[in-house]
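J.: If you scroll down you'll find the structure; I have some questions about it.
The values are calculated or read from the model by the stated rules, or taken from the named source; none is laboratory data. Note that the structure is a prediction, hence the values are computed from the model and not measured. Reconstructed Cβ throughout: ideal geometry from the backbone, glycine too, with neighbour counts over all protein chains shown. These area figures cover heavy atoms from the full protein model, side chains too; ligands, DNA and RNA do not enter into them. Shrake-Rupley method; radii C 1.70, N 1.55, O 1.52, S 1.80 Å.
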Amino acid sequence: MKFVRALACGKLYDQCGGAQFSGSTCCVEGTKCVYQNQWYSQCQSVPSTTCGNLWDKCGGIGFNGPACCVAGAQCVYQDQYYSQCKPSSNTVAPVPPTATIPPVTTTPPQPSPTSVPQVTTMSPTATLLSNDQMNGFVKTNGASLSLLGKPFYFGATNFYKLFYSYESDLPYIFSDAVAIKSSVVRTWCFCDGVNCDSTSYTNFSFHFTDYDSVNKRLTFNDDVNSGIGRLDRVLQYAKQYGNWGDFGGVDYYVEKFSTNQQKTHSDFYTNAAVIAQFKSYISHILNRVNTLTGIAYKDDPTIMAWELGNELRCVGSGQFPRDSNCNAATITKWVDDISTFIKTIDTNHLVAIGDEGFFQYNNFNPNANGYAGSPYSNLWNGDNDFVGNARLKNIDILTFHTYFNQWNTKGDPAFIQNTLQWIKDHAAVAQSVGKPIYVGEYGIDVADQRRTDFPILQKQIEDSNISGSLMWLLLSHNGTLPCREIPDENGLNFGLCVSDPDTANILVPHGTRMFNKGAMDTNANFVTRNGMQLMYNGKPFYFGGTNVYNLFISSNSDIDTIFANLAALDARVVRTWLFADGKNNGAYFNGQQVWFLDFDSQGNIYFNDDTNTGLGRLDYAIQSAQKHGIKLIFTLANNWNAFGGIDVYINALPNASSRLHSMFFTNPQIKAQFKQYISHVLNRVNTLTNIAYKNDPTIMAFELLNEARCTGGNENTNPTDPNCGKNAVITKWVDEMSTYIKTVDGNHLIAAGDEGFFNSYSKYSQTYPLAYSNIYDGSAGGDFEATARLENVDILGLHSYFNQWMDSSHFNQDVYLHYTQSWIADHQAVAKAVNKPIYLGEYGIGNTAIRLNTYPIIQNSLDSLNYAGSATWNMNAGNCQPQNENDDSYCYNADGIQTFMKNYDTKMKNKQ
């Protein structure tokens, strides 16, 4: 027989439910069990009949108070967690929201005369960001930040005690930040317990939270003078001066709420009751409505990001010891939980961890990564797993701190070497996961060392394409006292006053370069689509461009020349090859064979990343394109034998009983190998920019295969399977490969790369009676309409070569032009039906006269039908020789090229 023990009902504020809770789920008379979240329910008093006062909470999940408001106020729904009593529309509120900031009477400090550069304290009206920028949320765009569709970078500062400051000091603090070009300020959003800090120079007693010892619950202090309300004014001033705040102790929660008998620091991360109380604080902060602006914190674009905590570790500086079972996985699990919780309330703001960026040795080898001297081992074998945390879904932006003056043995000469390597390593992780990253804190407590080393590490931050940096820390004057560079609570002098000459020399230049970087970086965002429209930097994107298929076998100087020439013509896109299959593919540079992949005798695929003979040759092309404002379309394989082609895969199959060209689309081993190549390319990190290809916005799109057909079309290819065109073989393959790419790369547009052949004889045969029937009867394997409907094909491409798609006896200029215009219109109709952008990926003709006569007309057709863009075939790079009549490639200086390209490309670039 088994016995069930009756449990006494919970008293007021006892836990009464939640995941893994095994206690009583009933509550004593006069209370009821109120759901807070999946981890925690609590016994709360029966609702009072007294209505809430103005600005009181009046509803939301877990709320047990009155759902009515006093006269002159109404209960306004904010979200599922929070409703609030706000002034009725016909009532004047006692504390009306206002953006007016009272005049400041405190005289700003005057810097002493000096002959070295200084930063002038700005007036309390100076701003850094525009009103539009301050009203926009900072978002992620791959591994970059963006604001209103434009790249956003910052070289900024910490000012952690903003909520401590006199109100009259706030204008000077923020104007000081503006003076050093700091568009972001990192500050604290915690003050736990009535004795959270006893060093306040304002002689006020502050606390945001406290412990109700009778009812054993967390309480909140929203007072505008002594509590959370002090942040209202901080946000109001930050908005006026064009600065963001990004808000981040632990043992307080453990002391008051941990249910463990032996309490440890890590209870904050593992104890369900502690976690529930911290979540209640998060919910309270996010749902708080600013009494001065009327904007809920979760809806306020003045806030750039939330950090979960500052420098989270398994041990702190407080009263509780380390739990021997706490490790990096413990904190990662907590980070995942808390970041996910925030996203249920606030989807506007970026979420970061606020950690120091410590690694785990199993995925980071410090010796192999170039560290020297004697840095502490917990940097890569401690309480954090930077790589694991970086992969968490709801962590939007990565952070790390760097203090090798503290993490090394004092005076270790390897300080700067290790700092630079630390910056590089974290930037590399951010690029590999496609997320932005910023340095949350960096500081040196020795003035002479600051002067020599700050510029060096700041340059590394800029060169590593890190989104921002926050120096520890900016000091301002305190009330009537001038700014003093005084030791902090640890006796370390990290602070810099805005009037310090060092500020002008080592902060302003970096802040200025970072602030201006977004404006100068014209190619830093991804091209995306919105219905039939391509978008870039928040605006419609149209392009004129060209194919330059042989960039991978061109010299750096030739690459620079071709991109400079195209930029002068206002071209915005270049389509080029990203394949060189097999060591005998015919591609050479400076007498060396160039190849990207090959197969061993057992048919296993392997890759060549060499910068002279392999994939590394494209690194410079990408870098140069970015510098010249050119976007790239990369084609991943070739149906034809030029530079190898897909038959190389087929011929590498060991012991194949037969070899058909269509096996590339059907054979499981070949498909798996092509996916290996795709993964290798997308995950490749550019040796010059340190950006993974999958995270590089210079690349506009990836095409799967150039001109896929069931046949390779010449004597050196494998024979054709007669059933290939009947079984949607190529369409199924495009579906599989486009879906696969999206699992690796969520940033870039995907196109098929096909010619646009149709699969409907009855529908198109009358339109193109003189053309070869395989362009519309499906026999070549193409089905443009079916491909267009595939979910993971983002943008539709087609080619047009009616000079090749009909017998020469039928060809003349009029037929060529008529068929080309019809081809363009028929495909645009399909794009419109599926609501996707469309571009003409190739068109060309070797006859110079016909080219000059027809190209402007074709381009007008493309423009009038709202094509996203087009790329002519093909501008030669390098030692360009005049073409013959059968060569549809051309030179930059060929007859008429600059005229017809310039006219069209400029028109497309300016099109909105």
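J.: Looking only at segment 266-288, which residues are surrounded by fewer than 22 Cβ atoms within 10 Å (Cβ to Cβ) and not in a helix (DSSP H, G or I)?
T.: If the condition is that a residue be surrounded by fewer than 22 Cβ atoms within 10 Å (Cβ to Cβ) and not in a helix (DSSP H, G or I), then ASN271 is the only one that fits.
J.: When you scan segment 775-790, do you find a residue that is at pLDDT 95 or above, aromatic (Phe, Trp, Tyr) and over 20 Å from ALA868 (Cβ atoms), even just one?
T.: Scanning segment 775-790, I find at least one residue that is at pLDDT 95 or above, aromatic (Phe, Trp, Tyr) and over 20 Å from ALA868 (Cβ atoms), so the answer is yes.
J.: A further question on this structure: Looking only at segment 267-302, which residues are among the β-branched types (Val, Ile, Thr) and closer than 24 Å to ASN389 by Cβ?
T.: If we filter segment 267-302 for residues that are among the β-branched types (Val, Ile, Thr), which is where we start, we get 270, 274-275, 282, 285, 289, 291, 293, 295, 302.
THR270, VAL274, ILE275, ILE282, ILE285, listed by residue number.
J.: While we're on this one: I'm checking my understanding of the structure. Among residues of segment 308-334 that are within 22 Å of GLY468 (Cα to Cα) and not charged (D, E, K, R), which one is most open to solvent (accessible area, probe 1.4 Å)?
T.: If we filter segment 308-334 for residues that are within 22 Å of GLY468 (Cα to Cα), which is where we start, we get 308-312.
Pick out the ones that are also not charged (D, E, K, R) and you get 308-310, 312.
Working: LEU308: 12, GLY309: 10, ASN310: 52, LEU312: 7 Å².
For segment 308-334, the residue satisfying everything is ASN310.
J.: For segment 689-700, does any single residue satisfy the condition of being open to solvent by 10 Å² or more (accessible area, probe 1.4 Å), modelled with pLDDT of 95 or more, of a type in the set (A, V, I, L, M) and out of contact with any helix residue (DSSP H, G or I) (no Cβ under 7 Å at 6 or more places or on another chain)?
T.: There is no residue in segment 689-700 that is open to solvent by 10 Å² or more (accessible area, probe 1.4 Å), modelled with pLDDT of 95 or more, of a type in the set (A, V, I, L, M) and out of contact with any helix residue (DSSP H, G or I) (no Cβ under 7 Å at 6 or more places or on another chain).
J.: Which one is nearest to THR340 (Cα to Cα) among residues in segment 253-302 that are modelled with pLDDT under 90 and of a type in the set (A, V, I, L, M)?
T.: My answer is VAL254.
J.: Would you kindly identify the helices (runs of 4 or more DSSP H) lying entirely within segment 497-587 that contain at least 1 residues that are more than 26 Å from PRO151 (Cβ to Cβ)?
T.: On the way: elements: 501-506, 508-520, 556-568.
By residue number, 501-506, 556-568.
J.: Under the condition of being open to solvent by less than 10 Å² (accessible area, probe 1.4 Å) and not hydrophobic (A, V, I, L, M, F, W, C), which residue from segment 154-170 is nearest to SER469 (Cα to Cα)?
T.: Only one residue tops the list, namely GLY155.
J.: Please give the helices (runs of 4 or more DSSP H) falling wholly within segment 386-480 in which 2 or more residues are farther than 28 Å from THR743 by Cα and of a type in the set (D, E, K, R). Talk me through it step by step, then tell me what you get.
T.: Numbers: elements: 386-390, 404-407, 415-433, 447-463.
Because the criterion is at least 2 residues that are farther than 28 Å from THR743 by Cα and of a type in the set (D, E, K, R), the helices (runs of 4 or more DSSP H) in segment 386-480 that meet it are 447-463.
J.: Of the conditions (1) open to solvent by less than 30 Å² (accessible area, probe 1.4 Å); (2) within 32 Å of the chain's Cα centre (by Cα), VAL729 fails just one. Which one is it?
T.: Checking VAL729 against (1) open to solvent by less than 30 Å² (accessible area, probe 1.4 Å); (2) within 32 Å of the chain's Cα centre (by Cα), the one that fails is (2).
J.: Report the residue count in segment 432-458 for those that are within 22 Å of SER144 (Cα to Cα), open to solvent by 40 Å² or more (accessible area, probe 1.4 Å) and of a type in the set (Val, Ile, Thr). Even if it seems obvious, please write down each step before you answer.
T.: Of all residues in segment 432-458, those within 22 Å of SER144 (Cα to Cα) come to 432-442, 457-458.
Pick out the ones that are also open to solvent by 40 Å² or more (accessible area, probe 1.4 Å) and you get 432-433.
Narrowing the set further to residues that are of a type in the set (Val, Ile, Thr) leaves 433.
Here the count works out to 1.
J.: So which residues in segment 619-639 are on the phi < 0 side of the Ramachandran plot, in contact with a helix residue (DSSP H, G or I) (Cβ under 8 Å, 6 or more places away or on another chain) and assigned to a loop (DSSP other than H, G, I, E, B)?
T.: Those that are on the phi < 0 side of the Ramachandran plot, in contact with a helix residue (DSSP H, G or I) (Cβ under 8 Å, 6 or more places away or on another chain) and assigned to a loop (DSSP other than H, G, I, E, B): HIS628, ILE630, LEU636, ALA637.
J.: In this structure, does ALA849 turn out to be open to solvent by less than 50 Å² (accessible area, probe 1.4 Å), aliphatic (A, V, I, L, M) and either modelled with pLDDT under 95 or not in a helix (DSSP H, G or I) (or both)? Write out each step before concluding.
T.: Details: open to solvent by less than 50 Å² (accessible area, probe 1.4 Å): no; aliphatic (A, V, I, L, M): yes; either modelled with pLDDT under 95 or not in a helix (DSSP H, G or I) (or both): yes.
It is false that ALA849 is open to solvent by less than 50 Å² (accessible area, probe 1.4 Å), aliphatic (A, V, I, L, M) and either modelled with pLDDT under 95 or not in a helix (DSSP H, G or I) (or both).
J.: Please name all residue pairs, on different chains or six or more residues apart, with Cβ atoms under 8 Å, provided the first residue is in segment 771-786 and is at positive phi and the second residue is crowded, with 20+ Cβ neighbours inside 10 Å and not in a helix (DSSP H, G or I).
T.: From residues that are at positive phi, the pairs are GLY778/PHE757; GLY778/PHE758; GLY778/ASN759; GLY781/SER662; GLY781/ALA708; GLY781/ARG709; GLY781/CYS710; GLY781/PHE757.
J.: Then there's this: Just to check your reading of the model, which residue among PHE543, PHE515 is at pLDDT 75 or above, open to solvent by 50 Å² or more (accessible area, probe 1.4 Å) and in contact with a strand residue (DSSP E or B) (Cβ under 8 Å, 6 or more places away or on another chain)?
T.: Selected residue: PHE515, the only one of PHE543, PHE515 that is at pLDDT 75 or above, open to solvent by 50 Å² or more (accessible area, probe 1.4 Å) and in contact with a strand residue (DSSP E or B) (Cβ under 8 Å, 6 or more places away or on another chain).
J.: Something else now. Does segment 646-678 hold any residues that are among the hydroxyl-bearing types (Ser, Thr, Tyr), assigned to a helix (DSSP H, G or I) and open to solvent by 10 Å² or more (accessible area, probe 1.4 Å), and which are they?
T.: Taking segment 646-678 first, the residues among the hydroxyl-bearing types (Ser, Thr, Tyr) are 649, 657-658, 662, 666, 677.
With assigned to a helix (DSSP H, G or I) added as a condition, the list becomes 649, 666, 677.
Scanning segment 646-678 gives a single hit, THR666.
J.: Consider ALA305 carefully, then state whether it is closer than 25 Å to ASN384 by Cα and surrounded by 20 or more Cβ atoms within 10 Å (Cβ to Cβ).
T.: Numbers: closer than 25 Å to ASN384 by Cα: yes; surrounded by 20 or more Cβ atoms within 10 Å (Cβ to Cβ): yes.
Considered against the rule, which asks whether it is closer than 25 Å to ASN384 by Cα and surrounded by 20 or more Cβ atoms within 10 Å (Cβ to Cβ), ALA305 comes out as yes.
J.: Residue under question is LEU798, and the condition is that it be open to solvent by less than 10 Å² (accessible area, probe 1.4 Å) and either touching an Asp or Glu at 6+ places or on another chain (Cβ under 9 Å) or not basic (Lys, Arg) (or both); does it hold?
T.: Values: open to solvent by less than 10 Å² (accessible area, probe 1.4 Å): yes; either touching an Asp or Glu at 6+ places or on another chain (Cβ under 9 Å) or not basic (Lys, Arg) (or both): yes.
So LEU798 fits the description; yes.
J.: Count, please, the residues in segment 403-431 that happen to be modelled with pLDDT under 85 and open to solvent by 40 Å² or more (accessible area, probe 1.4 Å).
T.: Here the count works out to 5.
J.: Would segment 328-345 turn up any residue that is in a loop (DSSP other than H, G, I, E, B), modelled with pLDDT under 95 and hydrophobic (A, V, I, L, M, F, W, C)? I'd like the intermediate steps shown before the answer.
T.: Residues of segment 328-345 in a loop (DSSP other than H, G, I, E, B): none.
No; the residues of segment 328-345 include none that is in a loop (DSSP other than H, G, I, E, B), modelled with pLDDT under 95 and hydrophobic (A, V, I, L, M, F, W, C).
J.: Still on this structure, please answer the following. Tell me, which residue of segment 131-146 that is touching a Phe, Trp or Tyr at 6+ places or on another chain (Cβ under 9 Å) and surrounded by fewer than 22 Cβ atoms within 10 Å (Cβ to Cβ) is farthest from ASP192 (Cα to Cα)?
T.: Restricting attention to segment 131-146, the residues satisfying the condition of being touching a Phe, Trp or Tyr at 6+ places or on another chain (Cβ under 9 Å) are 133-134, 138-139, 141-142, 144-146.
Add one more test, that the residue is surrounded by fewer than 22 Cβ atoms within 10 Å (Cβ to Cβ), and what stays is 133-134, 139, 141.
Values: GLN133: 33, MET134: 30, LYS139: 30, ASN141: 35 Å.
The residue in question is ASN141.
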